[in-house]
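What follows is a single structure, written as structure tokens, with notes after it.
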Amino acid sequence: MASSPIDIIVFAPLAPLFGVILFWFIQLLFIESQKYLLSKIRPKHEPLCRFTNFLGILFQTTCHALGYTVTKSGISSFYISINYGKVAPKKEKKGIFEWLSNGFLFIGPFFMPASLLLICLYFLMSSGFDTSIPETVIEMEYTFAGQMITFGTNLYTFSEGLFGFLFNIDLLHPAHFGFVLLLIFIGMGIRPSHIGEKKREKVDMLYDLKNIKNNILHKPLYLFILFLMSYLFFYVSLLLKQNWYVSLFSIFGWLSIIAIVSLAVTHIILLLIRTTDEIPGYWKFIPYVVILVSYVVMRLVFFFFPADFTNSTSLLAMILSTILSVILLLKYKTNKLKTKTPMKSLRKRKIEDETDVPRRIIRE
Amino acid sequence: MYQEELLENEQVERVLSPHPLSFMRLQSLCIFLIVWGVLVGWFVNFSEYQEFFFDSFWTVILVWGFGLLLVGVIASLITIRWSIFFLYLGVLAGGIAIMFWMGGQNDAGIFIPFYSVAMSIIGFLIVELYRRSHKYIISNQRIVFRGGVLTKQERTLRYDKVSDINSKQGILGQIFGFGTIIPISQSGFGLGSDSSFAAGGIQVGEKKAKFMGIFGGGREVQTPRARSYYELHGVHPYKDVKKIVERLVQGSVIVPYQQEQVAFQKEQVDIQKQMRDLLKKQTKPDDEETPK
């Protein structure tokens, strides 16, 4: 199929860019949802919320400092607490340097924590980092559709590797266990729009987007230069018949996927905390004990009776037993999940009682 | 605090103890012991490097001991407390001795994780005992600091003797709401010093003639520091306690305006005394005459 020159010159470079923006928006939605969950558990888990605040601010401040370092502005002061972080440059640079350091501040926290996980995954995952062009799309590789398909294929390959690794993770392996801890901690930190000490700031997804928009509109020329450089990079890749351009954006896509997975795992933990809060007394700790015990017991069983898929089976057993324990505790220790008499049978009995009245009168 | 220990008009405002996580420096030593013991156990029994340790007791001990002592040296240098190094050395020596005593050299890979966990539990218990020995009593007249597992220590500080208040809160403290308050007395109790020392050596000459010199330099910086028995270590809720202490210290300090007022009142009292004496003198002859 012949591809039009306009498609190649104008539209093709935009394809991976749109893909990254789409994933980034999904990430933003997850962040908002996490923020909502955290605000719900805040009254009972103040230290946890402070901790997540600290992680969020730590990443944000580090990115800001990184921005000043990259632009050679230097760092005169670096302050970080659980509610507030501040980095001051040695030299106040204007123009492109200021714009770049602001870019690091606003966009860095979305990608930097995930890049830490990506480095870990590089050593832990057996496959998924392949960015070669699939043979099926070799003919239309430099069109909008071709670029989109290549981008999507790269993301699919990575996701397949990532989920394969996650579903077969060995929690008794120190490196795997450390990765899970990092995944949870980073998931709590990928949250530039942190919840402050008091619920007064309007720091949410729209606030972040407004900041980014202001940064773009502040110096539109720099955005134009950035686009121009992207296009030039694409043309160089096109001339040399390489997939460098799409590979670069694929890495951003991978980072978004990692961030989304990390946020999803954190969501599960926050939901568990929120649900167990409703269970009274020490019973609320039972699901956490079940997590640990069920996994270890399953692994011990498979150690003495070897079988296939031991890691994933143990993981599944752990998840199911935790869910079951939570449901049982909610049913027997709280007023939740209780139905006295099914509504239908209750209605039936009522009708029967009403029809019985005349008979009783006759009998009497 | 017993009722009979209270002074006249003394009222207890707060009785405090350090937060369970305020001794994290000590607890982290135990945590490391567990982590490293379990890691060595995993390496020896389950990892792909298990062949390296196969049937070699001293290799296992060497790896375990090297990790323990390396961290011990680093932690000792950072905190300037060699007790950490000797503690890890003791744990290592104890482990080796028990293994030889029980004849379990062949099962070092299984023994080390269990031994590490057992030692860590003992460590946690000792830290907890040490934490619970602390008791800070804040009354309207003074602060009483008490502590000590075997030897009981006590410090009493009156608010009018407090010249300065230093407070600090680490990240863990900020998260869990605890912090340390050091009231510095006028005598300087509550102040420590950070000292650094640099030395260099030089050797010049061939086999016969040798010249050697050592140059050194030291520097000392005063910093608020006290033993946990003599400071309000890791108290919770930090902000409230800080406010109470500051209010009580402020309440016992006489500001310049109040000093002027006191001087003026003293002057007034003196005048009144003089007037009373004069009046007495004037009325005395009449009193003497009356009985006559």
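Quick notes on this structure:
- Residue satisfying condition, being touching a His at 6+ places or on another chain (Cβ under 7 Å) and within 14 Å of chain A (Cβ to nearest Cβ), within set B:Ser47, B:Ser17, B:Ser22: B:Ser22
- Flag for A:Thr69 being within 14 Å of chain B (Cβ to nearest Cβ), closer than 30 Å to A:Leu228 by Cα and assigned to a helix (DSSP H, G or I): no
- Close pairs from segment A:81-107: first within 20 Å of A:Ile212 (Cα to Cα) and more than 14 Å from chain B (Cβ to nearest Cβ), partner part of a strand (DSSP E or B) and of a type in the set (A, V, I, L, M), Cβ under 7 Å, at least 6 apart: A:Val87/A:Ile75
- Residue check, B:Val15 modelled with pLDDT of 90 or more, touching a helix residue (DSSP H, G or I) at 6+ places or on another chain (Cβ under 6 Å) and among the aliphatic types (A, V, I, L, M): no
- Test: residue in segment A:40-60 that is within 14 Å of chain B (Cβ to nearest Cβ) and β-branched (Val, Ile, Thr): yes
- Scanning segment B:59-69 turns up no residue that is within 13 Å of chain A (Cβ to nearest Cβ), out of contact with any helix residue (DSSP H, G or I) (no Cβ under 8 Å at 6 or more places or on another chain) and among the aromatic types (Phe, Trp, Tyr).
- Looking only at residues of segment B:159-181 that are hydrophobic (A, V, I, L, M, F, W, C) and within 12 Å of chain A (Cβ to nearest Cβ), we find that the one that is surrounded by the fewest Cβ atoms within 10 Å (Cβ to Cβ) is B:Ile171.
- Flag if A:Leu58 is over 28 Å from A:Met229 (Cβ atoms), at pLDDT below 90 and in a helix (DSSP H, G or I): yes
- Comparison of A:Ile80, A:Ile57, A:Ile21 shows that the only residue that is surrounded by fewer than 20 Cβ atoms within 10 Å (Cβ to Cβ) and closer than 13 Å to A:Gly189 by Cβ is A:Ile80.
- Selection of segment B:163-183 for residues being assigned to a strand (DSSP E or B), more than 13 Å from B:His19 (Cα to Cα) and out of contact with any Ser or Thr (no Cβ under 6 Å at 6 or more places or on another chain) yields B:Ser163, B:Asp164, B:Ile165, B:Asn166, B:Ser167, B:Ile182, B:Pro183.
- When A:Tyr122 is tested against (1) away from chain B (no Cβ under 14 Å); (2) exposed (fewer than 15 other Cβ atoms within 10 Å of the Cβ); (3) within 22 Å of A:Met188 (Cβ to Cβ), only condition (3) is not met.
- From the options B:Phe46, B:Phe32, B:Phe53, residue that is over 30 Å from A:Pro47 (Cα atoms) and surrounded by 16 or more Cβ atoms within 10 Å (Cβ to Cβ): B:Phe53
- Filter result for B:Ser185 (at pLDDT below 75 and under 20 Å from the mean Cα position of the chain (by Cα)): no
- Test for A:Leu66: is it more than 22 Å from the chain's Cα centre (by Cα), surrounded by fewer than 20 Cβ atoms within 10 Å (Cβ to Cβ) and not β-branched (Val, Ile, Thr): yes
The values are calculated or read from the model by the stated rules, or taken from the named source; none is laboratory data. Note that the coordinates shown come from a computational prediction; the quantities given were computed from them, not determined experimentally. Cβ atoms come from the backbone with ideal geometry, glycine included; neighbour counts cover every protein chain shown.
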